[in-house]
1. Ignoring any ligand, DNA or RNA, what whole percent of the accessible area of the chain comes from carbon and sulfur when the probe is 1.4 angstrom?
2. Could you sort the peptides 77-85, 64-72, 17-25 by per-residue average Cβ neighbour count (10 Å cutoff), highest mean leading?
3. Taking the mean number of other Cβ atoms within 10 Å as a proxy for protection, how do you rank 5-16, 42-53, 26-37 from highest to lowest?
4. Residues of the chain: accessible area per residue at 1.4 Å, in Å²?
5. Please check which bits of the range 1-40 a label hung off Trp88 would reach, taking the label as a point 7 Å along Cα-to-C-beta and the cut-off as backbone N under 11 Å.
6. Per DSSP H run of at least 4 residues, take -39500 (n - 2.57); add these up for the chain, divide by its residues and hand me the 222 nm value, nearest 500 deg cm²/dmol.
7. Over all pairs of distinct alpha carbons, what does the Kirkwood formula give as the hydrodynamic radius of the chain, in Å?
8. Label points 7 Å out from Cα along the Cβ direction at His21 and Val70: separation in nm?
Amino acid sequence: MGALWGLALFFGVVFAVRFFHHGNVALGVLAMVVAATPVGVLVYGAVRNRRRSLPRADEATQARRRTLLVLGAGVVVVLAAALLVLTW
């Protein structure tokens with residue numbers, strides 16, 4: 001999985017530079033979102049581990065919220081990558 005995140009970061013940066021260089025700002029921003037995804041996943045994991053170490057009150061509510069956040073982030077990343085591929 002780490003290799004896929006590395007590829008997303010690399011190609012996201014490469015395509016963002018290429019799109020911005022050619023004046024296509026919308027696709028450049030979309031490529032930046034794809035490139036920022038691995039960094040966001042690492043930050044999310046660090047925050048999640050920090051919160052797990054603290055005492056919690058309601059486990060079920062937080063589990064549902066966490067599941068919805070991860071699902072929403074995944075959908076946004078997949079749609080951004082698909083739009084980037086289709087428009088390129």
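The values are calculated or read from the model by the stated rules, or taken from the named source; none is laboratory data. Note that this is a predicted model, so its numbers are computed, not measured. Using ideal geometry, Cβ is built from the backbone for each residue, glycine included, and neighbour counts are taken over all protein chains shown. Surface accessibility is based on the protein's heavy atoms, side chains included, excluding ligands, DNA and RNA. Shrake-Rupley method; radii C 1.70, N 1.55, O 1.52, S 1.80 Å.
1. C and S atoms contribute 74 percent here.
2. Working: 77-85: 14.6, 64-72: 11.1, 17-25: 12.8.
By packing density, highest mean first, the sequence is 77-85, 17-25, 64-72.
3. On the way: 5-16: 15.6, 42-53: 10.3, 26-37: 18.2.
Per-residue Cβ counts within 10 Å, averaged per peptide and sorted highest first, yield 26-37, 5-16, 42-53.
4. 74
5. Residues 8-19, 28, 31-32, 34-35 qualify, since their backbone N sits under 11 Å from the label point.
6. Details: 3 runs with 78 residues, N = 88.
Per the formula, -31500 deg cm²/dmol.
7. Values: mean 1/r = 0.0693 Å⁻¹.
It is 14.4 Å.
8. Here the answer is 3.8 nm between the modelled labels.
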